[in-house]
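K.L.:
There's a structure below that I have some questions on.
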Amino acid sequence: MALSQTSAAPVASETRLVSTLTTAFVTLTVMAAGLAASVAVAVAGYVLIDFVFPDSKLLDAALVMVLGVAACFGYFWASNKLLDTLYPASGAHVAANLTKANAVRPWLFLGPAVIVVGLYLAYPVVNSIWLSFHGPSGETWAGTSNYEWLARDGGFRESVRNNILWLIVVPAATTFFGLIAAALTDRIAWGNIAKSLIFMPMAISFVGASVIWKFIYDYRPAGSEQIGLLNAIVTGLGGDPQAWITVPFWNNFFLMVVLIWIQTGFAMVILSAALRGIPEETIEAAVIDGASPFQIFYKIKVPQIWATIAVVWTTITILVLKVFDIVLAMTNGQWGTQVLANYMFDWMFRGLDFGRASTIALVIMLMVAPIMAWNIYETKKGTK
Amino acid sequence: MSGVLMKNIRKSYGATEVIHGIDLEIESGEFVVFVGPSGCGKSTLLRMIAGLESISDGDMYIGAERVNDIPPSQRGIAMVFQSYALYPHMSVFDNMAFGMRIAKRPREEIDRRVKEAAEILRLTPYLDRLPKALSGGQRQRVAIGRAIVRNPKVFLFDEPLSNLDAALRVATRIEIAKLKESMPNSTMIYVTHDQVEAMTLADRIVVLSAGRIEQVGAPIELYERPANLFVAQFIGSPAMNVQRAKIEKTGESTTINLGKRKADLPIPSPGQLAGADVHLGVRPEDLTIASNGGGLMDGRVNIVESLGEVTNVYLDVENAPQPIVVKLPGVQRFARGEIVSVAAQPSKMHLFNENGRSLLYL
Amino acid sequence: MNTVVGTRPALTWAVHIAVFVLVAIWTIPTLGILISSFRDKDQIVTSGWWTALAPAERNIVARAAPPSEAVEENGRWVLRGNVFGEASGSVSAFGISIQRPTEFAPGVTAETRDGETVAVGENGDYIITYPEQPEGERGQRLFVTTLEPPKFTTENYETVLFSEGIGQSFINTLTVTIPATVIPILIAAYAAYALAWMEFPGRALLLATIVGLIVVPLQMALIPLLRLYNDIGVGKSFIGIWLAHTGFGLPLAIYLLRNYMAGLPREILESARVDGASDFEIFRKIILPLSFPALASFAIFQFLWVWNDLLVATVFLGNNEEQLVMTGRLRELLGSRGGNWEILSASAFVAIIVPIVVFFALQRYLVRGLLAGSVKGG
């Protein structure tokens, strides 16, 4: 990626330090100036238009949207323009100017991303650790009492148990159904339509899906007409209707079904691409060797896509650890269905205890940490 | 006008040096081809001229200006890439106009120059098309057109024909030769690993190997008077045959001993080489079958390749590090295992010392 | 593979059937909500949505006119009327005691112990005769089973859109979603270009950090950011939620876009550089247009994610009428109108229709984006 146009003459370490500091200073100045200019223009625009057309709510929303996006674009434009004016790429000092500009420009491009990611993801991790040692409002030092509370808390234990259940069942079931769906739909003419339909729940929100499935699980007392599909089938087969989402322990599985239903399409799409990426020759060789379609699938195809299966599995695992909306919307953690993410939300908004809530959040973070470490390792390996 | 001058050009990636001090002067208006096996540094050298790679050490001049620190766009060069590097989302016209638009040239000038270039390259009917709607040859012409439009002092070609199929390659090669003819004042530097392109296009060929220049010279000079074994074996196909020999007599002409036979060559040799081990080089096309069995060496026929116009015969010869290849005109028949004797005119033979240097260049 | 000689037809059929079953399982739940949202609200609770096209069987209890209104006809006191009152319907059975509500077929004349006769016709007309003049104001109870024709209506949608506040929520969601989709793309695209094609110290480390942050659970960020927002006075505002979605979406966006951009042919960029384009121009004129597929993929992802998000909206936007987004509204309805399926189903459908349309229209890009992010070595 050496697009640099200059040879770095050997410089003493002192001058190098000076030039690094200069670069940093110029970078920050140009960024700040670019940001200030674009925000100023956006705010001025807002004030002006608001003055001309006061009290229009819809217009207001649209205006804020447009200006927000424009300010963002304006930053990039303005900061680059500024840098080019500061170090023009022509004239007597072309080479020196280019070197200086090239040292600053990547940071102009990266600046907003680094700041936003730092503020919204990196800072919270640190702050959460700090909060977990503090009391409900986050002001008084609480030592390790939050952790001690957590170790003894029944709700937490229930959440961990359920989370582990989710972690075992959902990724496995999703990958399994996804693999089956991928393998089958690839063999038939209307496979693409089938794929689209199985994939569709991906677009539905967890809350929307919860409404949909709550309707399936709807319960009417025995003897009256069942309007929930599941109970209608059960009574149709001669069983007794059940209030499914209140049946202890098993209700967890009825909640998991919702997530499996949503995510199978994702697994299917990715696994289907992987299956199609398998060299046709290996399959043809197996056909000539006399393998049956099932043997080809389990002994030839699946082993060749293990890496992709692992990716699907981890992706869904991460998702499962964060699952919240489904539990909140279906049971709100009642009847023994609590999970960590919802439990944390509970302590945050109903318990109003930031210390405890942060401690639970840290537990979730701890559970994804191995996956995170693995991702970093893979990326570093890949870019070398 | 402007040639290119390189003084002790070096390139290192970290601690590894890949170009070891190149000194080369390219005259204005010359067509120079860099040739060498892959990894020899020829493309790196070209990219250093273009400014796409930084120069670790040494001085590079285009015209009178030292360009080491000048960005590519201000060096007065244009480059044609192996993959054409057309902008896939722009029409042929926009592809050719891109550089001038960046430079904010007036509209009429852009229009005129693009149309002129399109005319030269017979691209006028395709100006509105996207690159994906063009054939490989047409794409290559667009890439060349993009270079012409820039009106550069130096044209740089980086293996421009290697993505084309055989027939198109010949046609485009001729086209490039014609292009050069129509622009006698432009300097062109052309990188290839294909010796046919090098031989047919170049005013001068620069043979590179492992980051060093092996020989610079006109095509026929390289063929007839290779400076070393590497150049000798690189130019010509099949490669030059090499056989071990000992010098018996030095002086105005040299006598060598091939074990069973002796040969007297019109190559001068200094006295200290008397009795030294040397390599005798003979091109396959310079070998003939000696019908009476009294040739330069005898060998056993191993493989016969009949190509119709020529027949290549591979002989196992005692002491020869590799099979000796004889390239004979027309269709010839040999039995496998047959012993044949081959001969060559003394003036067509080459002698190289222990280090592979030609005795002509000592 | 389908062309291999000797493929067994039975297996092919099994595949067709299996796929059909899978598709059925994956579509029927949504279909149920869709159909229910158009049904009459009384029919939703009395019969399953899968019977929507069949006439609905319904048990009603009608009360005949007061016996005092009976008139004398041929020696008996007769009372006439219709069980449906003003409405109409079709009677499939009737009864005169609660124990046996479907004892008699329409048209049959039933006799009670004290000598009364009751007959209900198919159209609901009833005739009750008494041997003597009856007294009292309480009419005879008639148990009637009727077959109602299926009723479809858009009334549920009208209710939901105009009186349940879904309309306002729709606009709120849109206000959240559009900038929260565009801003991260813009920021991520510039960062991805720098990470893919610019040379600077610490590049590999920065990239690895960003990839690591992809999996940081959102829950982690909620409390610190909520406190921060309150401290600096951003509070619950649209700008606050845009930036939050931007922050949460950026790592994945940067990762996807960088991978795509790094895969673009280097020679094209070099060619642009020889043509004199600066980094800013290369980005705008070459990289952005060429990265369109990746940008589109991520845009769809982010759009679906933000549109469907409940958590971030609940935390960073208020629960008031002004700011409630659709997922929040839906959840609220699920709590407050849990049994009113006509409201829930119509609301759910309004909430999911936009992402579903986006999904079907742009599926190609979505799939491509998914694959760019996850298939390794495929």
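The values are calculated or read from the model by the stated rules, or taken from the named source; none is laboratory data. What you see is a predicted model, and the numbers here were worked out from it, not measured in a lab. Here the Cβ is made from the backbone with ideal geometry for all residues, glycine too, and neighbour counts use every protein chain on show. When the accessible area is computed, the model is the full protein with side chains, heavy atoms only, and any ligands, DNA or RNA have been set aside. Shrake-Rupley method; radii C 1.70, N 1.55, O 1.52, S 1.80 Å.
K.L.:
Tell me, yes or no, whether region B:11-29 has at least one residue that is surrounded by 17 or more Cβ atoms within 10 Å (Cβ to Cβ), in the same structural domain as B:Ile176 (by TED's automatic domain parsing), of a type outside the set (Gly, Ala, Ser) and under 29 Å from B:Val142 (Cβ atoms).
P.N.:
yes
K.L.:
Do we find a residue being among the polar types (S, T, N, Q), at pLDDT below 80 and either within 15 Å of A:Trp166 (Cβ to Cβ) or open to solvent by less than 50 Å² (accessible area, probe 1.4 Å) (or both) anywhere in region A:226-233? Step through it out loud before you land on a result.
P.N.:
Restricting attention to region A:226-233, the residues satisfying the condition of being among the polar types (S, T, N, Q) are A:226, A:231.
Narrowing the set further to residues that are at pLDDT below 80 leaves A:226, A:231.
Now narrow it down to the ones that are either within 15 Å of A:Trp166 (Cβ to Cβ) or open to solvent by less than 50 Å² (accessible area, probe 1.4 Å) (or both): A:226, A:231.
Yes, region A:226-233 contains at least one residue that is among the polar types (S, T, N, Q), at pLDDT below 80 and either within 15 Å of A:Trp166 (Cβ to Cβ) or open to solvent by less than 50 Å² (accessible area, probe 1.4 Å) (or both).
K.L.:
Considering only region A:57-171, give the helices (runs of 4 or more DSSP H) lying wholly within it that have at least 1 residues that are more than 23 Å from C:Ile254 (Cβ to Cβ), within 13 Å of chain C (Cβ to nearest Cβ) and among the aliphatic types (A, V, I, L, M). Spell out how you get there, then give the answer.
P.N.:
Working: elements: A:57-86, A:94-117, A:123-131, A:145-152.
Of the helices (runs of 4 or more DSSP H) lying wholly inside region A:57-171, those with at least 1 residues that are more than 23 Å from C:Ile254 (Cβ to Cβ), within 13 Å of chain C (Cβ to nearest Cβ) and among the aliphatic types (A, V, I, L, M) span A:57-86, A:94-117, A:123-131.
K.L.:
Now for a different question. Looking only at strands (runs of 3 or more DSSP E) that lie completely in region C:112-179, which have at least 3 residues being open to solvent by less than 10 Å² (accessible area, probe 1.4 Å)?
P.N.:
Values: elements: C:117-120, C:125-130, C:141-148.
Once the strands (runs of 3 or more DSSP E) in region C:112-179 are filtered for at least 3 residues that are open to solvent by less than 10 Å² (accessible area, probe 1.4 Å), what remains is C:141-148.
K.L.:
A further question follows. Considering each of A:Leu108, A:Leu119, A:Leu83 in turn, give the residue that is surrounded by 19 or more Cβ atoms within 10 Å (Cβ to Cβ), of a type outside the set (Ser, Thr, Tyr) and within 28 Å of the chain's Cα centre (by Cα).
P.N.:
Details: A:Leu119 fails: surrounded by 19 or more Cβ atoms within 10 Å (Cβ to Cβ); A:Leu83 fails: within 28 Å of the chain's Cα centre (by Cα).
Answer to the selection: A:Leu108.
K.L.:
For the list (1) surrounded by fewer than 19 Cβ atoms within 10 Å (Cβ to Cβ); (2) more than 23 Å from B:Asp203 (Cα to Cα), I need the number of the one condition that B:Tyr87 fails.
P.N.:
With respect to (1) surrounded by fewer than 19 Cβ atoms within 10 Å (Cβ to Cβ); (2) more than 23 Å from B:Asp203 (Cα to Cα), B:Tyr87 is out only on (1).
K.L.:
Those residues that are in contact with a strand residue (DSSP E or B) (Cβ under 7 Å, 6 or more places away or on another chain) and either polar (S, T, N, Q) or open to solvent by less than 40 Å² (accessible area, probe 1.4 Å) (or both), I need them from region B:119-152; list them, please. Outline the logic, then answer.
P.N.:
Our first condition is that a residue be in contact with a strand residue (DSSP E or B) (Cβ under 7 Å, 6 or more places away or on another chain); within region B:119-152, this holds for B:143-144, B:147, B:150, B:152.
The answer is B:Ala143, B:Ile144, B:Ala147, B:Pro152.
K.L.:
Could I ask something else about it? What do you reckon, is A:Thr359 within 23 Å of the chain's Cα centre (by Cα) and either more than 22 Å from A:Arg187 (Cα to Cα) or buried (at least 21 other Cβ atoms within 10 Å of the Cβ) (or both)?
P.N.:
yes
K.L.:
Select the helices (runs of 4 or more DSSP H) contained entirely in region C:199-313, then report the ones holding at least 1 residues which are among the charged types (D, E, K, R), open to solvent by 10 Å² or more (accessible area, probe 1.4 Å) and at the interface with chain A (Cβ under 7 Å from one of its Cβ atoms). Show your work before the answer.
P.N.:
Details: elements: C:203-213, C:218-232, C:238-262, C:266-274, C:292-308.
Of the helices (runs of 4 or more DSSP H) lying wholly inside region C:199-313, those with at least 1 residues that are among the charged types (D, E, K, R), open to solvent by 10 Å² or more (accessible area, probe 1.4 Å) and at the interface with chain A (Cβ under 7 Å from one of its Cβ atoms) span C:218-232, C:266-274.
K.L.:
Kindly check whether there is at least one residue in region B:217-224 that is open to solvent by 10 Å² or more (accessible area, probe 1.4 Å) and touching a residue at least 40 places away in the same chain (Cβ under 8 Å). Walk me through it before giving the result.
P.N.:
Of the residues in region B:217-224, the ones open to solvent by 10 Å² or more (accessible area, probe 1.4 Å) are B:218-221, B:223-224.
This time we only want the ones that are touching a residue at least 40 places away in the same chain (Cβ under 8 Å), so: none.
Checking region B:217-224: not a single residue is open to solvent by 10 Å² or more (accessible area, probe 1.4 Å) and touching a residue at least 40 places away in the same chain (Cβ under 8 Å).
K.L.:
Shifting gears a bit: For region B:316-332, state whether one or more residues are of a type in the set (D, E, K, R) and free of Cβ contacts under 8 Å to residues at least 60 places away in the same chain.
P.N.:
Step one: list which residues in region B:316-332 are of a type in the set (D, E, K, R), which gives B:316, B:318, B:327.
If we keep only those that are free of Cβ contacts under 8 Å to residues at least 60 places away in the same chain as well, we get B:316, B:318.
For region B:316-332, residues of a type in the set (D, E, K, R) and free of Cβ contacts under 8 Å to residues at least 60 places away in the same chain: present.
The rows are residues; the columns are (1) within 30 Å of A:Pro221 (Cβ to Cβ); (2) modelled with pLDDT of 75 or more.
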position	(1), (2)
C:Asn2	no, no
C:Leu11	no, yes
C:His16	no, yes
C:Val19	no, yes
C:Ile28	yes, yes
C:Ile33	yes, yes
C:Ser37	yes, yes
C:Lys41	yes, no
C:Gly48	yes, no
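K.L.:
Residues that are within 20 Å of C:Leu269 (Cβ to Cβ), of a type outside the set (Ser, Thr, Tyr) and within 11 Å of another protein chain (Cβ to nearest Cβ): which helices (runs of 4 or more DSSP H) entirely in region B:72-167 hold 1 or more of them? Outline the logic, then answer.
P.N.:
On the way: elements: B:92-102, B:107-120, B:136-149.
Because the criterion is at least 1 residues that are within 20 Å of C:Leu269 (Cβ to Cβ), of a type outside the set (Ser, Thr, Tyr) and within 11 Å of another protein chain (Cβ to nearest Cβ), the helices (runs of 4 or more DSSP H) in region B:72-167 that meet it are B:92-102, B:136-149.
K.L.:
Quick test for you: out of A:Pro293, A:Pro241, pick the one residue that is within 30 Å of A:Ser159 (Cβ to Cβ) and not aliphatic (A, V, I, L, M). Spell out the reasoning first.
P.N.:
Details: A:Pro293 fails: within 30 Å of A:Ser159 (Cβ to Cβ).
Exactly one of A:Pro293, A:Pro241 is within 30 Å of A:Ser159 (Cβ to Cβ) and not aliphatic (A, V, I, L, M), namely A:Pro241.
K.L.:
Please list, ordered by first then second residue, the pairs with beta carbon atoms under 7 Å, 6 or more apart or interchain, first in region C:336-355 and more than 7 Å from chain A (Cβ to nearest Cβ) and more than 14 Å from C:Val160 (Cα to Cα), second part of a helix (DSSP H, G or I) and modelled with pLDDT of 75 or more.
P.N.:
C:Val354/C:Trp307
K.L.:
Considering only region A:321-352, how many residues are more than 10 Å from chain C (Cβ to nearest Cβ) and surrounded by fewer than 21 Cβ atoms within 10 Å (Cβ to Cβ)?
P.N.:
Number satisfying all stated conditions: 8.
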